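Please treat every number below as a calculation from the coordinates, not as lab data. What you are looking at is a predicted structure, and each value in this text was computed from that prediction instead of being measured. Backbone-built Cβ (ideal geometry, glycine too); neighbour counts: all protein chains shown.
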Amino acid sequence: MSADIDLINLTIRFGDFVAVRDVSFKIAGGEFFSILGPSGCGKTTILRTISGFLPPTSGAVRIGGRDMAGVGPNKRPTALIFQNLALFPLMSVADNIAYGLRVRGVGARERRAKADDLLKLVALPGIGDKKVAELSGGQKQRVAIARALAVEPQVLLLDEPLSALDLRLRQLMRAELRAIQKRVGVTFVYITHDQGEALTMSDRVAVMNHGVVEQIGDGPTIYDRPATPFVAAFVGENNGVAGRVTRIADGFADIETPMGLLKGRDGAGLAVGEAATLFVRPERLRPAPEGFAARVESTAFEGHLTHVSLIAGDGHALTMSLGRDVSAQDLTPGATVNVGFSADDAVVLRQAAP
Amino acid sequence: MNHTIDFILLGPPAIALVFWLASMIERRRSGSAEAGFFARNGGAISAFLLIAVGFWALALIVWPQLYMVEYSFHPKLPPSARFGPKDYYTLANYRYFLFGSPDDTSHWNDTHLHAFWTTIGVSVIITILNFAVCYPLAYFMAQVARPGTVRRLMLLLIIPYWLNEILRAFAFRVLFGTGGVLNAALIGAGLIHEPIDFIGDDVALYAGLTYAYVLIMMFPLYNALESLDRNQIEAARDLGAPWWRIHLDVVLPHAKPGIASGATLVFMLCAGALAAPLVLGGPKTLWFTPIVYDRFFQAFNWPQGAAYALVLLAACMAFVTLIMRLFKVSLSEIAR
C-alpha cells in the first residue's frame with residue numbers, strides 16, 4: 001500500500017519568520033522522493049507538517065486524496081523516522097518494532113511474529129531480544145526502519161536518518177534503503193542536505209532554499225539542467241562566471257564575461273542585455289587551445305580525478321577536474337593553460353537578485 | 001565518656017592511615033605507573049579529604065546511630081548507673097512498644113501501634129498524592145513550557161519555602177479552620193450551610209503535608225523528565241499511541257528513578273514530620289513522632305525513645321527497599 005501526497009499552497013510561519021513559503025507539489029504513490037536543501041531551508045518543517053506534528057499556517061496537505069487538516073500524527077497513514085532514530089532504550093528490539101502494533105491492540109504472539117518478519121526484511125534476523133544499546137549504528141538504523149514499517153504506513157517520512165553514520169556505512173545504507181523501498185513499495189519522503197544521498201536514491205528530488213522549492217526533477221535533470229543559480233551551485237561542484245547576455249540564438253546564449261565571450265545553453269529564456277551567470281561543471285572544463293587563458297594555482301590528486309585550481313581573467317577562481325584519460329603532467333603550479341568547454345555542457349541562468 | 005573523645009580524636013587519623021597503607025599495597029601489587037589516590041591529590045589534600053569524610057561519616061552519622069541502637073537495649077537508669085552493675089541488656093523497650101508494658105504481653109499497645117500504622121499509612125497516601133500533584137506539573141515544565149515560563153514557575157514553587165515550617169502550618173490552620181477562610185468562602189458562596197471540620201477530618205493535615213513536600217518530589221521528577229528526548233514522545237505518538245499510552249510506555253519508565261527518589265524522600269520526611277502533624281492533625285489523629293518525642297522529654301525514658309525512633313527508622317528503610325523492588329531500580333539510580 002502506498003499513497004500519493006499533495007501539498008497545496010503550503011505556508012508555515014514561526015512568528016515573523018516564514019519557514020515555508022507557498023509551496024505546492026505532488027509526490028506520486030510508491031515514489032522515492034527527496035527534499036534536498038541546506039539547513040534552515042524549510043525541509044524538516046515540511047516533513048513535520050506532512051507527519052502532523054506541525055499545523056500549516058495556510059494551505060493543505062492531502063495524503064491519498066484525503067485532507068489531513070485536524071488529523072493528529074497518531075491518526076495519519078504516515079510513519080516518521082527521526083534524525084536521532086528515537087528508539088525506545090528501555091524496550092527490547094522486538095518490543096520497539098512491535099510498539100505500533102501493541103498500541104493497536106495486537107496480541108503478543110502475533111506482534112512477535114511480525115517483528116521477526118520485519119527483522120528479516122531489514123536483514124537483521126534473530127536480534128529481537130537484544131537491547132537497543134547493544135546495537136551498532138547501522139543496526140539501529142535498520143531497527144528504526146522496521147519499527148516504522150510495522151504499522152504498515154502508506155508513507156514513510158525520513159528526516160536525515162543517515163547523518164549520524166560514518167561514510168562507508170552511509171553508502172551501504174543508501175543502497176539498502178533503496179532496496180527496502182522497492183521491496184515494500186511504500187512512498188518514501190526523504191529529507192537530506194547531502195546531494196549524493198538525494199541523487200543516488202531518489203526517483204525525484206525537490207531542491208529547496210529559503211522556504212521555496214527551486215526545482216523538482218529526477219537526478220540527471222537537477223544535475224545537468226539546473227533551473228536556478230542556487231540549484232546549479234548547491235548540487236554538485238560548479239564554476240559560475242557572471243556577465244551580460246549579448247546574443248540569443250537557437251537556444252544558446254552568448255555572455256560577455258571578464259574571460260571573454262562565452263557560450264552556453266539558455267536555461268532561463270533570457271533576453272539580450274540581461275545580467276546572467278554561466279555555469280560549467282569542473283569535469284566539463286578541458287585544456288583547449290582556442291579557450292581562455294588561466295594560471296594553474298594548485299593541483300589535487302583524488303584517484304579517479306585530478307582537481308586543478310585555476311585563476312582566470314580578473315582573478316576569478318575556477319576548478320577543472322580531469323579524468324585519467326587527460327594528462328595533467330604539464331599543469332604544474334604557475335603554468336598558464338588555455339581552458340575551454342563545449343557550449344552544450346554549460347548553462348546560462350538569470351542572475352539571482354543580490 | 002573518655003572513650004568517646006578518644007574515638008573522635010583517633011578514629012579519623014586511623015582511617016586515613018589504613019587508606020594510605022591500602023593504596024601503597026595496591027600500588028606495589030599492581031606495579032602500574034598509574035597514580036594512586038595520594039599521588040593524584042597530594043599528601044595534604046588526601047589526608048584532609050580522608051579525615052574530613054571519615055569524621056563526617058563515622059563521628060556524625062554511624063557512631064551516634066550505633067549509640068542509639070545500643071541505648072535502646074538498656075533499661076531506664078540514672079546516668080551514674082550506666083555501665084554499672086545494675087545495667088543489663090533487655091528487649092523491654094521494644095516489648096513496651098508492642099504490648100504497652102515491659103513484661104506483660106497479653107494486650108497490644110493499641111495507642112502507639114495505631115499511631116505507628118497511621119503515620120505509615122498516611123505517609124504512603126501523602127507520597128501518592130504528592131506524585132499525583134507533581135507529575136503533571138513536572139511534565140509540563142520539563143517537556144512543554146518555554147524556558148521563561150519554567151523559571152517563573154520554579155520561583156513560584158520555591159518562594160513559599162522561604163517561610164518557616166511552623167508558620168506555614170498555622171497558615172493552613174487559618175485556611176482550613178471551622179471559622180477559617182475556606183469555610184467562610186464556601187458559606188458565603190452558598191455551597192454549604194454548616195462549616196466543614198477540615199481539621200477534624202484530616203483534610204488540613206493531608207493538604208499541609210502534601211504542600212510541605214511538593215519541592216522534594218518536584219526536583220527529582222523534573223530532572224528525570226527533563227532528560228527525556230522529545231523525539232521519544234513524538235515517535236510513540238507517530239506510531240499511533242494515544243497520550244496516556246505515551247506516558248505509560250515511554251515517559252513513566254524513563255522517569256522511574258526520579259519517581260523512586262522523590263517517593264522515598266517524601267515518605268521519609270513525612271513519616272518523620274513533627275510540627276505539621278501537631279498543628280494540623282485532628283484530635284483523632286496521633287502521629288508517631290510526637291510519641292517518640294514524649295518518650296525522650298516527657299517520660300524521660302531515653303532508651304525507650306531510642307527504641308521507638310529505631311522502629312520508625314526500620315519502617316522507613318523497609319519502605320525504601322520495597323520501592324526499589326517495586327520500581328526495579330538500584331540505590332545508585334535513586335541517588336543520581
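Please grab the % of Cα pairs in region A:40-105 that end up more than 20 Å from each other.
39 percent
Across peptide A:147-153, what mean number of C-beta atoms from other chains lies inside 10 Å of a residue's C-beta?
2
Could you check which residue among B:184, B:273, B:47 shows the biggest mean-square fluctuation in a GNM of chain B with a 10 Å Cα cutoff?
Answer for the Gaussian network model of chain B: B:47.
Can you give the calculated 222 nm mean residue ellipticity of chain B, where each DSSP H run of n ≥ 4 adds -39,500 (n - 2.57) and the sum is split over every residue, rounded to the nearest 500 deg cm²/dmol?
It lands at -21500 deg cm²/dmol.
Can you give the mean number of other chain Cβ atoms that lie within 10 Å of the Cβ atoms in peptide B:228-236?
6
Picking from A:216, A:97, A:180, which is most flexible by a Gaussian network model of chain A using Cα springs under 10 Å?
Highest fluctuation of the listed residues: A:180.
Evaluate region A:296-354: find the radius of gyration of its Cα atoms, find its Kirkwood radius, and give the ratio Rg to Rh.
In region A:296-354, Rg relative to Rh is 1.03.
Place a +1 charge on the Cβ of each Lys and Arg in region B:103-202 and a -1 charge on the Cβ of each Asp and Glu, then give the dipole magnitude about the Cα centre in debye, rounded to the nearest 20.
My answer is approximately 1020 debye.
Quick one: check the C-alpha center-to-center distance for region A:196-238 versus region B:92-168, whole angstrom.
That distance is 63 Å.
Please find, in a Gaussian network model of chain A (springs between Cα atoms separated by less than 10 Å), the residue of A:94, A:123, A:253 whose mean-square fluctuation is greatest.
Sorting by GNM fluctuation, first place goes to A:123.
For region A:85-125, I need the span (max minus min coordinate) of the C-alpha atoms along each principal axis, in Å, sorted largest to smallest.
26, 21, 13
How long are the three semi-axes of the equivalent ellipsoid of chain A, in whole Å, if each is the root of 5 times an eigenvalue of the C-alpha gyration tensor, listed from largest down?
Ellipsoid semi-axes (Å, largest first): 46, 25, 15.
What are the ³J(HN,Hα) couplings of region A:189-201, residue after residue, when phi is run through the Karplus curve with 6.51, -1.76, 1.60 and θ = phi - 60°? Round to Hz, x for glycine and proline.
Once rounded to whole Hz, the list reads 10, 10, 9, 7, 9, 9, 5, x, 4, 4, 6, 6, 9.
Over region B:57-137, consider all pairs of different Cα atoms and compute the Kirkwood hydrodynamic radius from their mean reciprocal separation; express it in Å, one decimal.
Mean inverse Cα-Cα distance, inverted, gives 16.0 Å.
What residue among B:60, B:159, A:228 has its Cα farthest toward the positive end of the dipole of the protein assembly as shown, where the charges are +1 on Lys, Arg and -1 on Asp, Glu, each on the Cβ?
B:60
Taking only complete DSSP H runs, can you tell me which helices of chain B stretch 20 Å or more along their own long axis by Cα positions and average at least 0.5 on the Kyte-Doolittle scale?
For chain B, where a helix must reach 20 Å along its axis and average at least 0.5, the hits are B:2-30, B:110-139, B:252-271, B:302-327.
Using modelled backbone amide H atoms (1.01 Å from N, in-plane), which distant-in-sequence or interchain residues come within less than 5 Å of residue A:57's amide H?
Those qualifying (amide H under 5 Å, at least 5 residues apart or on another chain) are A:11, A:12, A:13.
Using only Cα atoms, what Kirkwood radius does the protein assembly as shown have, in angstroms?
32.8 Å
Which value results when the Cα radius of gyration for region B:110-335 is divided by 2.2 N^0.38 Å?
1.16
Picking from B:220, B:81, B:199, whose Cα lies most toward the positive end of the charge dipole for chain B (charges on Cβ: Lys, Arg +1; Asp, Glu -1)?
So the residue we want is B:220.
Do the sum for chain A: with -39,500 (n - 2.57) for every DSSP H run of n ≥ 4, divided by all residues, what is the mean residue ellipticity at 222 nm, to the nearest 500 deg cm²/dmol?
Theoretical 222 nm ellipticity from helices: -6500 deg cm²/dmol.
Starting with the highest mean, order B:190-199, B:281-290 by the number of other Cβ atoms within 10 Å, averaged over the residues of each peptide.
In descending order of packing, they fall as B:281-290, B:190-199.
Running Debye on region A:64-203 with equal point scatterers at the Cα sites and no solvent, what base-10 log of I(q)/I(0) appears at q = 0.18 Å⁻¹?
Treating every Cα as an identical point scatterer, log10 I(q)/I(0) equals -1.06.
What's the average, rounded to a whole number, of partner chain beta-carbon atoms within 10 Å of each residue's beta-carbon in A:64-77?
If you average over the peptide's residues, the count of other-chain Cβ atoms is 2.
Based on Cβ point charges of +1 for Lys and Arg and -1 for Asp and Glu, what charge dipole magnitude is obtained for region B:110-335 about its Cα centre, in debye rounded to the nearest 20?
Roughly 400 debye for region B:110-335.
Can you find, among B:296, A:210, A:91, the residue sitting farthest towards the positive end of the charge dipole of the protein assembly as shown, where Lys and Arg contribute +1 and Asp and Glu -1 at Cβ?
Projecting each Cα onto the dipole axis, the largest value belongs to B:296.
Where does region B:43-180 land on Rg/Rh, using Cα atoms and the Kirkwood Rh?
1.15
Kindly provide the GluC sites (Glu not before Pro) of region A:182-284 that DSSP labels as loop, not H, G, I, E or B, and whose Cβ sees at most 13 other Cβ atoms within 10 Å.
Qualifying residues, ordered by number: A:237.
Starting from the alpha-carbon convex hull of region A:237-350, give the projected area averaged over all orientations, in nm².
6.8 nm²
Run the dipole for the protein assembly as shown about the Cα centre, Lys and Arg Cβ at +1, Asp and Glu Cβ at -1, nothing else charged, and hand back the magnitude in debye, nearest 20.
Computed about the Cα centre, the dipole is about 1120 debye.
In bins 5 Å wide, starting from 0, what share of all Cα pairs of region A:1-145 does each bin hold, as a percent?
2, 9, 16, 17, 16, 14, 13, 9, 4, 1, 0
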